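The structure appears right after this line, and notes come after that.
Quick note: the coordinates plus some simple rules give every number you see, no bench work behind them. If you're wondering where the values come from, they're calculated on a predicted model, not measured in any experiment. Counting neighbours? That spans all protein chains shown, and the Cβs are built from the backbone with ideal geometry, glycine included.
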Amino acid sequence: MTDYSPTFVEIKTLKDAKKEIQKIGSDPQSISIMAPKAVSKNIKLKNVTLQDAIIIKQDMLSIGGEVAVPRNTFELSDKTGHLLIMGNLKQLYDLIEKLDRHYPRLKNIAKELAKLLKDVK
């Protein structure tokens, strides 16, 4: 029986991801496509209107990510709450594009997320 030696690989940055993908011997043109999928980030948003939280969650779920929302979000009993967005960089970039197509409050969230992610290397 073959020993496949599974191990965890710590990838915190795009640079780390590119390095690990390169070590595998992948096609150099595919590295920039795959690297953002290897870096996971968790982002906390504060004081989000719960109506917006529902849309953010739906948009993120549609691209394979996740958003933790307050328990009562779907009842809309509170006006705002905090969110935890969980996804890889590609999903987060895709979320920004989706949110930027919505109304002004969500466009503002998209801008803040883009600003946060612009320096991720």
Crossing angle, helix 104-117 versus the chain [Cα axis fit, 0-90 degrees, rounded to tens]: 30 degrees
Which three semi-axes in whole Å describe the equivalent ellipsoid of the range 1-97, each the square root of 5 times a Cα gyration tensor eigenvalue, listed largest first? 34, 15, 11
Which of Lys90, Lys115, Lys37 comes first, and how do the rest follow, when ranked by fewest Cβ neighbours within 10 Å? Lys115, Lys37, Lys90
Using a Cα-Cα cut-off of under 18 Å, which aspartates and glutamates could be cross-linked to Lys111, ignoring same-chain neighbours fewer than 8 residues away? Asp52, Asp59, Asp94, Glu97, Asp100, Asp119
With Kirkwood's inverse mean 1/r over C-alpha pairs for Rh, give me the Rg to Rh ratio of the range 40-117, two decimals please. 0.93
What is the fewest-to-most order of Leu50, Leu92 by other Cβ atoms lying within 10 Å of their Cβ? Leu50, Leu92
With axes computed from alpha carbons, what is the tilt in degrees of helix 28-38 against the longest principal axis of the chain, rounded to the nearest 10 within 0 to 90? 50 degrees
Fewest-first ordering of Lys121, Lys41 by Cβ atoms within 10 Å yields Lys121, Lys41
Between Ala68, Ala110, Ala38, find the one with the highest GNM mean-square fluctuation for the chain; connect C-alpha pairs within less than 10 Å. Ala68
Please find, in a Gaussian network model of the chain (springs between Cα atoms separated by less than 10 Å), the residue of Met60, Met86, Met34 whose mean-square fluctuation is greatest. Met34
For the range 1-68 and the range 80-119, what is the centre-to-centre distance using only Cα atoms, to the nearest Å? 15 Å
Do any trypsin sites (Lys or Arg not before Pro) in the range 51-87 lie in a DSSP loop with no more than 14 other beta carbon atoms within 10 Å, and if so, which? Arg71, Lys79
